[in-house]
Amino acid sequence: MAPMAAAPPAPSPSRYSHPPLPPKSEKDKMLAGEPFLPYTDQLVDERTLCSGAVYRFNSLSNAAVQIAASERERQFEYIIAARWIYSRPGERRVTGHLGGGINVAIPFHCDYGYNISIGDNVVIGPNSQLLDSGRIAIGRNTKIGARVTISTLKAPSDTKTLKGSKGTEIAREVYIGENVYIGDGCIIEAGVRIGNNAIVRAGSVVVRDIPADCVALGNPAEVRQVNWKD
């Protein structure tokens, strides 16, 4: 019996393998909902630049100076468009969205701006905070009262990751539907979805989803009334 021929040599891995993917930045991880370090240089710089844009918008409240409505809109659009952000090679550019007829009272605060999407005819009351490490989407014709805080950073379930500025965070999207009313002083926590035509009474703390066509109140907010149509 003739001896078996030797198998041909395997191709060199270095010749045929794809180049390794570049490591994810902490911003990439934040946008993907993965644990990320919020105090890296890139994210600190972006928050600082956003803070400057927010300061300029809030400065338009000077009673001694008449500011045209178009200038207020332009300054707020500048926050959401986040044109100051420098996208690194291979990094997708992120920008927010603004509909028409929006009214945002001063003072206002957000962390990044580019993670905010606001539909037509939305009203946001004074001293509201949109902490947009994760995406915040607000549907059209929604009214958000004064001193409302929307947070997208998950509260820790244990203390193992609590390492101060060296600890990781996880961001989750907050979605608020169309024709929603959020009363003064409400807090909306990370990952919450509020359905269309919902009402959240003043001072409520929303830690779980609120269905459409419902009235919710309390801490934590619970559904107290259903307005479902036949």
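Here, each number is a calculation from the coordinates, and none is a lab measurement. All of these numbers come straight from a predicted model, not from anything done at the bench. No Cβ is skipped: glycine too gets one built from the backbone with ideal geometry, and neighbour counts run over all protein chains shown.
Rounded to 0.05, the FRET efficiency of the Asn127 and Val205 pair, given R0 = 22 Å and the Cβ-Cβ distance, is 0.85.
Residues His109, His97, arranged from fewest to most other Cβ atoms within 10 angstrom of their Cβ, appear as His97, His109. Ordered by the count of other Cβ atoms within 10 Å of each Cβ, fewest first, Ile182, Ile199 give Ile199, Ile182.
Kindly work out what percent of the DSSP beta bridges joining two residues of segment 57-186 are antiparallel, to the nearest 5. That works out to approximately 5 percent antiparallel.
The simple spin-label model puts a point 7 Å past each Cα toward its Cβ; for Lys163 and Ser61 those points are separated by 3.9 nm.
Here Tyr175, Tyr112, Tyr55 are placed in order of increasing Cβ neighbour count within 10 Å, fewest first, which gives Tyr55, Tyr175, Tyr112.
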